[in-house]
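Quick notes on the structure that follows.
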Amino acid sequence: MTLSKQVALVSMGYSGFSTVTPQLSFKEMMFEAANMAYAQVGIDPRAEVDSFICCEEDLLEGISITDEYMPDQLGGAQRALCTISQDGLNGVVQGYMQITSGIADLVVVESHVKFSNVLSKRDVHSLAMDPYLERPFLDDGIPLAALEMRRYMHENGVSEESVAEVVVKNKRNGLKNPRSSYSARLTLDEVMRSEELWSPLRRSYVAQPADACVVAVLASYAKARSITDYPIWIEGVGWFSESSWIGLRDFSRALYAEGASKMAYKMAKIDNPSKAFDFVEIDDSIAFKELQHLEALGIYPQGKAAEATLKGETKEDGSMPVNPSGGSLSLGNLAETTGLARLLEAFETLKKKDYSKALVQSWRGIPTSTATVVVLGV
Amino acid sequence: MTLFRHRMLETGKEMAFEAARMALDSAGLERKDVDAVVLGSAPDAFDGFHMKGEQLLDGAGGFRKPYTRVFVGGGTGVFVPIAAWWHVASGLADIVLAVGEEKMSPLQPHPQYAFWTIFDQFLERPLGVTLLWIFALEMRRYMHVYNVSEEDIALVAVKNKANALDHPAAQLPARITVEDVLKSEPICAPVKRLDVSPTSDGAAAVVLASEELARKLTDTPVWITGVGWNVDTTYWTNRDLCYPEYLEKAARMAYKMAHITNPRKEIDFAEVYDPFDYKELHHMEGLLLAGKGEAPKLTREGVTQRDGDLPINPSGGLLGVGNPIAAAGVMKVAEVFWQLRGEAGKRQVKKPVNRGLAQAWGDLMQVGTVVIMER
């Protein structure tokens, strides 16, 4: 067994992926997603799963200590279950470590969001910032995103057209994706005529909220071989945070994604990320972030992602498909479920197409500087 | 660890920094030596932050590092070293800084208000239920099933508050009598003021290292030989509250890993979670350190005193040292570390010790987290 085949992603399930889900409580969404994931590989969570990891944040749930409400619908009552207050992709990393440390053979990772239940999104986002120095000036974080976009464009000579082109591409990619809530066929002009939230940020550049739950099942080598013929191997993982102080960050680049990818590439023995992947599913929850992240991840040199996007290289049929699923701009902003939602897209694409390697990256969104990266191989 | 106090002037970040700095200093390390940071902190509602982990990352030493916050309610403190353990045991990190931080005081007029929102919004919240109410139910059930008296339970508060007199960071150390406990202000029958730990601010941190590095860093490393955790069903009304089954399962997971078959004989001392005095007894039984209903007898006979055969909470526990939730659990792990190294000073237990246990508990009487440490 090689290092790259220690842990496999063996199945994934999902529920929701809609702007509103009045027919399902969050518990029912979790139950549906978990059942779908368990059924694919025929496992009994009450007997076979060694550890359950849930990823969500209290304030978006409207419950303090949300951990309390996780076990039953996953089949995790009276079993090892915990919450990781992070993006779901980080939950995958924690599951990876539990398996490689020998404490678990089968791990379930879950994340859900029901944005349609959150009536005070602005307030919640505002509460994520420092109460004295940041909150009074940065509202719900949109002004911060605008500042960062401006700086990124200025430092790297990036045009607004290339940012808008990301929106055109991703919203179009999503048209083929049944989980997409916000896909559309738009022209560059239509995207750029969208209302300006805070210059230069327009409404069309920001992913809009949606509801979803995603469940992933991870297995050790032996367990994976015994329950599925089609494991997807986790070849590298990395996670990294820059600073919670906004003023300490370098806005021209996404240092957090750089740090996370370096760790994952080292593990996956990837020397040249620009040639390593058949496609990438990366964070695009604010359109310019796709460009910034592509550079941070080493897929394109600093300042070159915009040009590549305008040339069409990042389209689904281009030389470097970026977010063929439609990304967050199509699927919606899924808060802590974003990473797992993109893992699901990469998992399905790797199974369907003749691809061998993919990169998945998440970012926890405004105002954080925290990223997780996972390298998948067939 | 920092002082545990009702209201610290330091911010959460500053407290996390102080604890992290002390832990690194005691290991002779700098932040650059740390491969990853794990933070634990309980509800965001205490400080009114969304994504509290992100807020605390600079203070906890996570600046430009792989950094994660873990969260299992009150069980978080002991869970932080468990998560740090798998970072090291997986081979992904050699040195991990594990920090527990809690700042309950910003919530006015009382931190209990944050606990209103832990209950089911349809079935329980409309009742205006608080944590004290449900723990009073659990205490009552435990007393009823095993015929335990309030006097027996009060002995725990007397012992722990006295033990805390020797703890330099303690918030509520005191020399009290059983009568003091029984006569203290009723909060929610049968829970009285002196049965309960205080609300606190504070932080505590520990450093975990791989075997190879640990041997280089110190001549007296303390090994983590067992970890276990377990979460029971959300529906606490459907359980018999007299016995914590989830804790037994968490303990068995840790015992199996540490090759322990007879915990009563093989565990030399324990830091069990004692936010209420009856919880120490309840948890001793769940941890299989006492038979069902037997813990009050061991307490009465002095077995759980510092000079007893099975010292429990030699630190002074949450009742004496204080209860900044996630920090309190890390404090317990730190106490086991100091005891095993013979560095606990006046708190040092009398008998020689080779193996200790730290445990925490949380959620809706639902989570058990257990760490076993050996010299």
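The values are calculated or read from the model by the stated rules, or taken from the named source; none is laboratory data. All of these numbers come straight from a predicted model, not from anything done at the bench. Cβ placement follows ideal geometry from the backbone for every residue including glycine, while neighbour counts extend to all protein chains displayed. In case anyone asks, the SASA skips ligands and DNA or RNA and just uses the protein heavy atoms, side chains included. Shrake-Rupley method; radii C 1.70, N 1.55, O 1.52, S 1.80 Å.
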Shape of the stretch B:255-375, Cα gyration tensor, a/c cut at 1.5: rounded
Within chain A, percent of DSSP bridges classed antiparallel, to nearest 5: 75 percent
Area of B:F276 that stays accessible when all protein chains are in place (1.4 Å probe, Å², to 10): 10 Å²
Cα centroid of the stretch A:245-317 to Cα centroid of the stretch B:350-375, whole Å: 44 Å
Residues of the stretch A:41-80 buried by at least 40 Å² on assembly (accessible area, 1.4 Å probe, chain alone as reference): A:E57, A:D58, A:L59, A:S64, A:I65, A:D67, A:E68, A:Y69, A:D72, A:Q78, A:A80
Residue (of B:T220, A:L138, B:I118) at the positive-pole extreme of the protein assembly as shown, dipole from beta-carbon charges: B:T220
Distance between modelled label sites at A:W198 and B:D307, nm, 7 Å Cα→Cβ extension: 6.5 nm
FRET E, pair A:K353, B:R264, Förster distance 45 Å, beta-carbon r, rounded to 0.05: 0.15
Solvent-accessible area of A:S274 with every protein chain in place, 1.4 Å probe, in Å² to the nearest 10: 50 Å²
With eigenvalues of the C-alpha gyration tensor scaled by 5 and rooted, chain A, Å: 31, 24, 19
Per residue, the convex hull volume that the Cα atoms of the stretch B:6-78 enclose (Å³): 104 Å³
Per residue value of the accessible surface for the protein assembly as shown (all protein chains in place, 1.4 Å probe), Å²: 34 Å²
Cα gyration tensor category, rounded, prolate or oblate, for the stretch A:247-378 with a/c compared to 1.5: rounded
Mean separation of Cα contacts under 8 Å (6+ apart) over length of the stretch A:166-269, as relative contact order %: 17 percent
Length-normalised contact order for the stretch A:115-218 - Cα pairs under 8 Å, 6+ apart - percent: 25 percent
Cα centroid separation, the stretch B:241-267 to the stretch B:95-172 (Å): 23 Å
B versus A: buried accessible surface, summed, Å² (probe 1.4 Å, to nearest 100): 4800 Å²
Computed magnitude of the charge dipole of the stretch A:162-265 (debye, nearest 20; Cβ of K, R +1, Cβ of D, E -1): 280 debye
Where A:F240, B:F337, A:F115 fall by accessible area, highest first, once all protein chains stay in place (1.4 Å): B:F337, A:F240, A:F115
Given A:K176/A:K315; B:K265/B:K350; B:K249/B:K279; A:K266/A:K357; B:K65/B:K332, the pairs whose alpha carbons are separated by over 22 Å: B:K65/B:K332
Residue-averaged 222 nm ellipticity for chain B, from DSSP H runs of 4+ at -39500 (n - 2.57), nearest 500: -10500 deg cm²/dmol
Solvent-accessible area, 1.4 Å probe, carbon plus sulfur percent, for the protein assembly as shown: 52 percent
A:D139 paired with B:K297, simple spin-label distance in nm, labels 7 Å along Cα-to-beta-carbon: 6.9 nm
Förster-model FRET efficiency, 30 Å R0, B:V178 and B:R141, C-beta, rounded to 0.05: 0.85
For A:I282, residues with placed amide H under 5 Å, excluding near neighbours: A:N323, A:Q361
Cα Rg, Dmax (largest Cα-Cα span) when computed across chain B, Å: 19.0, 57
